[in-house]
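The values are calculated or read from the model by the stated rules, or taken from the named source; none is laboratory data. Please read all numbers here as calculations on a predicted model, not as lab measurements. Every residue, glycine among them, receives a Cβ derived from its backbone with ideal geometry; neighbour counts consider all protein chains shown. The protein model used for the area step is the full one, side chains on, heavy atoms only, and it has no ligands, DNA or RNA in it. Shrake-Rupley method; radii C 1.70, N 1.55, O 1.52, S 1.80 Å.
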Amino acid sequence: MRNLKLLKCLSSVELQSPGSPQCFSVRTDTGSLLISSQFSITEYDPPTGQVLNEVSLTSEDYLPEDGQGVVVGIQDLPDQESVCVATSRGDVVLYNLSTNQLECVGTVDSGLTAMSWSPDQEVVVFCTGQETIILMTKDFEPITEVDIHQNEFGEGKFITVGWGKKETQFHGSEGKQAAQKKAPAVPWDDRRPRITWRGDGQLFAVSAICPQTGARKVRVWNRECVLQATSEAVNGLEQPLCWKPSGSLIASSQRHPNKHSVVFMEKNGLLHGDFTLPFAKEKVKELLWNSDSSVLAVWLEDMNPGEDGKRNTYIQLWTVGNYHWYLKQSLHFGNDPLKAPACLCWDPEKPLRLHLLTRAWASYTYDWGWCTDRSPGDDSQDNANVAVIDGDKVLVTTFRQCVVPPPMCSYELQLPAAVNMVTFHSQPQRTNELAALTADSRLHIYGRGSLFWCNSTEVTVSEWKDSTGYTVNFPLPCVHTALCTINGQVEVNIFALILYIFSFIYVASNVSSFVVYDEFLLLTTHAHTCRCLHLATMSLKDLKAALSSEATQNDESTRRVERGSRIVTVVPQDTRLILQMPRGNLETIHHRALVLAQLRKWLDDLKFRDAFECMRKLRINLNLIYDHNPKVFLENVETFLNQIDSINNVNLFLTELKEDDTTKTMYPNPASAACQSASASGADGKKKVDTICDALRSAMETLDPLKFCLCILTSHVRKTTPELEIALQKVHELRVNPPSEKNAVSAEEALKYLLFLVNVNELYEHSLGTYDFDLVLMVAEKSQKDPKEYLPFLNMLKTLEPNYQRYTIDKHLKRYKKALHHLSKCGEEHFTEVLNLVKDQRLYTEALQLYPAESQQYKMLSVAYAEHLVEQQQAEQAGLLLWRCGEMPRALQAFVSCTSWRHALAVAVHIPLPPEQLAQLARDLDCEEAISALIEGAAWEEALRLIYLYSRQDIAETHLKPALLEAHSNQLTFLESQKTLFTRHKNRLVVVREQKEKARLELLDEDGPDCADAELYSEASSVLTGSRIGSKYSQSNSLKEHIQLLDTASIADTDEIHSLLKALVLFQFDTLASSLQTNYSELLQLIEKGIPEIWQEGLQQGQTPITGPNSTANSIMASFQQPRPSAVPQQDAEILIRPKMRQSVKWKLCMLK
């Protein structure tokens, strides 16, 4: 849905030369035109209007001086810096552009009628006056010569099976005779052959008049001039011939009795498609494809002269999309013979540049560009119009109402002449009005249902100036410009294969189309992505970085699109973005960034219904409604419910709730600081889902609890901990008190809905918790349970006493706290069950709260709790419980076991104990505390002394031996970790030193003397500077490694190891002691072996460069080049001192292996 817009037209009438142009070629390296006439060859530069070179063809008799000579072809040859010219006399002339010399490289006696070079300029084809084809190399060495008219079809001859002959087919109302009649060429045919090459240079086609039939026939030859195919007989086939550069089709024209068409042939000579020209009284002189095959130029001339005897001339530009041909531009040159085109061609480098020369030597260079003409409105009144030019029609599509695939449209405007340009009104509220400029220079305006034209010749054009008063000048013609705001400043985006900004800052080079909408820049790239960038929150630097980097996960600004997609338009105040595919069909997408931006606007404006419908349709997570601004949502819950006004939609919203904050995970907001996140709203510690469910349920119960009955049930079920009992209770209330309203929900419907939300078996279990057997039966009937399974159980429950019944149900549901509560009300005869339940489920605290402190049950529970605490190694708390309930002896035993001497002595006095027993208890408690402390401090020998001093061998079994085993395990683990750490840091130190030395050598290579004239002190200072820079990182790392190694070298105390070994041997743990001694010995050997490698000799000593009056240049450089460490701070000097191993310490036990 693009149109061709004329960017500029460079015209020049300054060229004057005898005769008239016959053919010309574009010089690819300079852009100048190489023009041949009846008398000369001229090189002309249109931008400057200067003649660069000119040479006569008549002076050396290549053309006659009477002006009757004809140049049949001209071609620029950049590799040879020459121009090849072929004349009708048969001469092939090379004009050297450097020396300005002419050279005849060959002559054909019969004359030449056409010349065409291959696209790679390796071979050239000539057609001679004897109707032969000559194929030559680029050095004009003949390859072959064959006749144009061959009797054979060619190598691609079709294979038939003997049926379906054309003579036997239906030929319409005119019959077989008309179909078999072969019409000769049209009278205005110039009867000259035409040559055209395929884009890859492997095939070429020749159109020539057949001598037998007098009609034109097209033959296809390969690069070796071997005939491949011959076209079928086409009545009315005309002289134009041009092979599409992409290689698919050959274009020509055909005159029918009632129409005129451009036809296309395949390489096998068969017709393949056509389109009808919108006229019947013109003849087609030439057809020309541009270099990228996107535009077909048709050169037309009136067949019959006017009243003044002159003919009008036209040039039309056609494009194709979705298998429909559009007339995009129509250039009228009037009926003046001198203003009529003499020759034209497309530029080989720039696909949309057309060069034209008139018979009066006027030069025109047209530059076109692709553009999409869309209405610029950004409000809801704009219909998102897109106008497409199609000859004398303007096809308008209003994308707000519908998406109509081209070539169809919403409506079309019929104009009296071909349209060359169309545009929409830029004033707000009037953006649906459009203006069209036709080829007859009339302006037609359509608006408010009427079409009128303006014939005014006064056009006012003013300069574009910025806010400072300076004129805005673009560095190149811009097809597409758009105003936008970037980071608060007015900027301009310019599209001309690259994206620039107003100050002409380069931003991106891979942009294929773009549009600015609201605060967004939407663009498609050659990487097949559609980007949507939020300009209000981006700087120029951010914009450039975003376009040059790959998209990240959950990046809402990027979306993958089909290869070659282009933006057509975006619907204002909507989320639709219209894309057109290369083949012409349309696709509507809802870009995530546009959708989220529109949703945020709706949510800020409290338009919950619009937001909800959009999110539901486009599958946006509904959590965003709350996460966008939790505070605002909670304050407007009733507004939300009133706007949604649908039970199903409210239930859908509740069922999609999740704890995740979608503004931080799925849909991060570019301007997240402007809104409150969901995590910030939970200041009371309540979870998000619970907060929403409670808020909605409260509002629904206030508005209409009967209407929102199902939603209220959903709010209970969707909580983090589902409140199924409450939901079932509400169903139970509906069953007991059915509502009288007509549309109210019944208990049966509510239960059926609950079964949809919750597993039926789970709901059955929870229904038991309501103790309502009727409700249980209602749920059970909906489940897959066999009545034989649940009916006996329910009947048994009905026979029980109410409290015991509920206890049984709660125990079945594993709700032990509730079961304990109900069982405690069943009387003393069930206390044994209470005690067993408490012990099994460890509900001691809950059970103590159910009985008075003075009761016997309380005392029994306390004793049971104390026994449990003793098992959990919490004897002191057990003693307190026993003391509180009067169990003094057992309390004393508990306090003694945990060495709580204060509590033990207090209880002993309270019993009371005899003085002798009390004194012995005090001594025992003091001794035990001391021994425990010594064991904890690893003072094994002193602990043994006290154990045997006070005859407490029991402590050796209960405390000492377990502590020895634990200490042995800890020491082994510690030694192994230290061994690994030492090895790692030592290896890292070697790497650091190697890097340091390598850096020093590289710096010496860079700053060292490169020649004999290098100055000494310049070199020395370079070495010093490089050494300081290179050693900064290495010295820091080296010191760090030394610190780690120094810590490792002083890891373990041999005295501690020695003491542990003796204690282990004493208690016959010889194997454990031997393993510990071996591991510790290996570690010491590893450290001792590594010390010389780590603390090398002279590590702390530095070398000072030797200077002075007695020094030579060589001695100074040698001293500078010697490696020396950088200065070490005073506080780190001790790190570099080598530690010494204490060899005199005897820690090993000889009795261990």
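Some observations on this one:
- Surface accessible to a 1.4 Å probe, His526 within the full protein complex, Å²: 110 Å²
- Accessible area of the range 208-366 belonging to carbon and sulfur atoms, whole % at 1.4 Å probe: 50 percent
- Charge sum, other residues only, whose C-beta stays under 15 Å from Pro416's C-beta, Lys/Arg counted +1 and Asp/Glu -1: -2
- Separation between Cα centres of the range 215-271 and the range 773-798, rounded to whole Å: 87 Å
- Each residue of the range 239-252 is assigned a 3J(HN,Hα), and the resulting list reads 6, x, 8, 8, 8, 4, x, 5, x, 8, 9, 10, 9, 8 Hz, derived from the Karplus form 6.51 cos²θ - 1.76 cosθ + 1.60 (θ = phi - 60°), x at Gly and Pro.
- With 18 Å as the limit on Cα-Cα distance, the pairs of Lys8/Lys393; Lys5/Lys393; Lys752/Lys788 that go past it are Lys8/Lys393; Lys752/Lys788.
- Positive-pole candidate from Leu641, Cys614, Leu594, dipole of the range 586-650, charges at beta carbon: Leu594
- A probe of 1.4 angstrom, applied to the heavy atoms of all protein chains, finds Cys402 with accessible area near 50 square angstrom.
- Per-peptide packing, taken as the mean over residues of other Cβ atoms within 10 Å, places 237-250, 1-14 in the sequence 237-250, 1-14 from highest down.
- 5 angstrom amide H check on Ile143, placed H, neighbours 5+ away: Leu135, Met136, Thr137
- Where Asp610, Asp555 fall by accessible area, highest first, once all protein chains stay in place (1.4 Å): Asp610, Asp555
- Seen from all directions on average, the range 28-166 presents a Cα convex hull projection of 12.0 nm².
- Electrostatic tally near Lys607: other residues with Cβ closer than 13 Å to its Cβ, Lys and Arg +1, Asp and Glu -1, net -1.
- 15 Å Cα-Cα reach of Lys658 towards aspartates and glutamates, excluding residues that sit fewer than 8 places from it in its own chain: Asp627, Asp690, Asp694
- For the range 345-388, the normalised intensity computed at q = 0.15, 0.25, 0.28 Å⁻¹ comes to -0.59, -0.87, -0.96 (log10 of I(q)/I(0), Debye sum over alpha carbons, equal scatterers, no solvent).
- The range 336-434 - Rg (one decimal) and Dmax (whole number), Cα, Å: 18.1, 54
- Computed Rg/Rh of the range 378-453, alpha carbon atoms with Kirkwood Rh: 0.95
- Neighbourhood charge, 12 Å Cβ-Cβ cut-off, centred on Glu286 and excluding it, Lys, Arg +1 and Asp, Glu -1: +1
- The listed residues Trp602, Trp368, Trp883, once ranked by accessible area (1.4 Å probe) with the largest placed first, stand as Trp883, Trp602, Trp368.
- Pairs from the table (Lys607/Lys730; Lys1089/Lys1148; Lys686/Lys782; Lys1062/Lys1146) lying more than 23 angstrom apart at Cα are Lys607/Lys730; Lys686/Lys782.
- Amide proton proximity set for Trp243, modelled H, under 5 Å, gap of 5+: Trp197, Ala251
- Length-normalised contact order for the range 222-335 - Cα pairs under 8 Å, 6+ apart - percent: 16 percent
- Annotation: amide H-H contacts under 5 Å for His480 (H modelled 1.01 Å from N, sequence separation of 5 or more, or interchain): Phe495.
- Of interest is the spacing of the C-alpha centroids, which for the range 951-994 and the range 616-645 amounts to 60 Å.
- The range 846-942 pair-distance distribution - Cα-Cα, 5 Å bins, rounded %: 2, 14, 20, 18, 17, 13, 8, 5, 2, 1, 0
- In order along the range 46-59, phi translates into HN-Hα couplings of x, x, 9, x, 9, 8, 7, 8, 7, 9, 7, 9, 8, 5 Hz, rounded to whole numbers, per the Karplus curve 6.51 cos²θ - 1.76 cosθ + 1.60 with θ = phi - 60° and x for Gly and Pro.
- Percent carbon-and-sulfur accessible area, the range 526-671, ignoring ligands, DNA and RNA, probe 1.4 Å: 45 percent
- Per residue, the convex hull spanned by the alpha carbons of the range 592-659 comes to 80 Å³.
- Mean Cα-pair separation over length for the range 326-400, i.e. relative contact order, pairs under 8 Å, 6 or more apart, %: 23 percent
- Annotation: Cα Rg of the range 688-813 relative to the compact-globule expectation 2.2 N^0.38 Å equals 1.12.
- Scattering profile of the range 26-83 at q = 0.21, 0.25, 0.31 Å⁻¹ [log10 I(q)/I(0), Debye over alpha-carbon scatterers]: -0.83, -1.04, -1.25
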